[in-house]
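Encoded as structure tokens, the structure appears first; notes follow it.
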Amino acid sequence: MLLHITIEQLVRSNYVYAMALRHLGIRFFEHPHTTVAELCQRHSWNEQHISSFFLDYHKLFRELSIQEAKSCSIEFLLDYLRHAHRLFVRERLPFMAELIEALPVLPSYKDLIEDLKVLFPLFTEEFVLHIHEEEDHFFYYIDLLLQAKASSGLSPELVLKMQQTHVGSFAIDHDSHDDEMRGIRRLTHNYHIPDKAPTDLVVVLSALADFDRELHLHARLENEVLFPKALRLEQEIKRRYLPLIFSSN
């Protein structure tokens, strides 16, 4: 039972528990030897509710497979990707940033930890900027195409955008951002966890490795599913409204 193991044992078994505890206002590294049951008693939490919460928290990270995504509508896929972006920006990045900032600079891992403390904030800033640019431009362009498909005409804004850009141009730009984690992967030797690594470093490296894997799947969903769906949608709109698009030049 999860209730009768220590917080340290809990988060070493799966770093997602550290995120769940953070959601409850608990920094796991401040209570390493406290059991979950003791934590519940201290904060007057219902033990059954906490057990259910831990299980439900894992469901937040359910991944959509490439095959599943191909059978989804483009509207659903956009919603799914936007939700993933929100999880990245509001949950995953702050969680990892907090852990990395709190890492003690131990002599055995001095270079790694000091470099992580510098590199991760730079990565975060660039990554968040990329997400905002993608949603503000590419996702918004798809939204306009969907509006045109559902209506009987093109908005002036979409006419202008279709004269200036196309799905292919977004795809080219997207390729240049496909491996943002390369630097961190090299620094950590592909997230290798040393045998005697302290728990907080184990959690950090596990979280980084999982985040990197999620980003690769996220990029595949966009490259292999979203872009082809968006291209077909764009072609459909062009066939329907081609004279209008170019007569507005």
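No lab work stands behind these numbers, since they all come straight from the coordinates. Quantities reported herein were computed from a predicted structural model and do not represent experimental measurements. As a convention, Cβ positions derive from the backbone with ideal geometry for all residues, glycine included, and neighbour counts pool all protein chains shown.
Just to confirm the number: angle between the C-alpha axis of helix 93-102 and the first principal axis of the chain, 0 to 90 degrees, nearest 10?
Tilt of helix 93-102: around 30 degrees.
Per 0.36 nm of contour for each residue apart, how much would the distance between residue 151 and residue 115 grow if the chain were fully extended, relative to their Cα-Cα spacing?
So the chain would gain 7.7 nm between residue 151 and residue 115.
Relative to the longest principal Cα axis of the chain, at what angle does helix 227-247 sit, 0 to 90 degrees, rounded to 10?
30 degrees
Report the equivalent ellipsoid semi-axes for the chain in whole Å, largest first, defined as the square roots of five times the eigenvalues of the gyration tensor built from alpha carbon atoms.
43, 21, 14
Mind listing the Cα extents of segment 2-59 along all three principal axes, in Å, largest one first?
Projected onto its principal axes, the Cα set of segment 2-59 covers 26, 22, 19 Å.
Taking Cα atoms, how many degrees apart are the long axis of helix 74-87 and the longest axis of the chain, rounded to 10 and kept between 0 and 90?
Computed tilt is about 30 degrees.
Could you tell me the calculated FRET efficiency between residue 179 and residue 63, based on Cβ-Cβ distance and R0 = 22 angstrom, to the nearest 0.05?
Efficiency, rounded to the nearest 0.05: 0.70.
I'd like the distance between the alpha-carbon centres of segment 1-65 and segment 120-192, rounded to an integer number of Å.
35 Å
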